[in-house]
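The structure under discussion appears below in the form of structure tokens.
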Amino acid sequence: MTKTFELNDEMAQAATELLLTTSLNSILREVRTSKPSLHFCEDCGADIPEARRKAVRGVRLCIGCQEVHEHHQRAGTGVTYDR
Ligand SMILES: [Zn+2]
């Protein structure tokens, strides 16, 4: 009898731990994705204007570097029209 209770206890504990870990992970993910905007460009170290920091949540690049990155992203989609 007592053994069954112990097992249930262990299972409840494991379930609680799993729940805690899961919610912790989702919180961590949220924190990572909603990072505050940087004051300086991550690539070239240039000042990022306050207007841009407010407009783009979690901005990490200045306008120039952002354009370069976006260009690379578009070029890296694998869709090419050159013949
Ligand atoms: Zn930059």
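Of note:
- Computed accessible area, residue 16, all protein chains, 1.4 angstrom probe, square angstrom: 80 Å²
- Near residue 40, the amide H atoms lying under 5 Å from its own belong to 48; only residues 5 or more places off or on other chains count, and H is placed 1.01 Å from N.
The values are calculated or read from the model by the stated rules, or taken from the named source; none is laboratory data. In this text, all values refer to a predicted model and were calculated from it rather than measured experimentally. Surface accessibility is based on the protein's heavy atoms, side chains included, excluding ligands, DNA and RNA. Shrake-Rupley method; radii C 1.70, N 1.55, O 1.52, S 1.80 Å.
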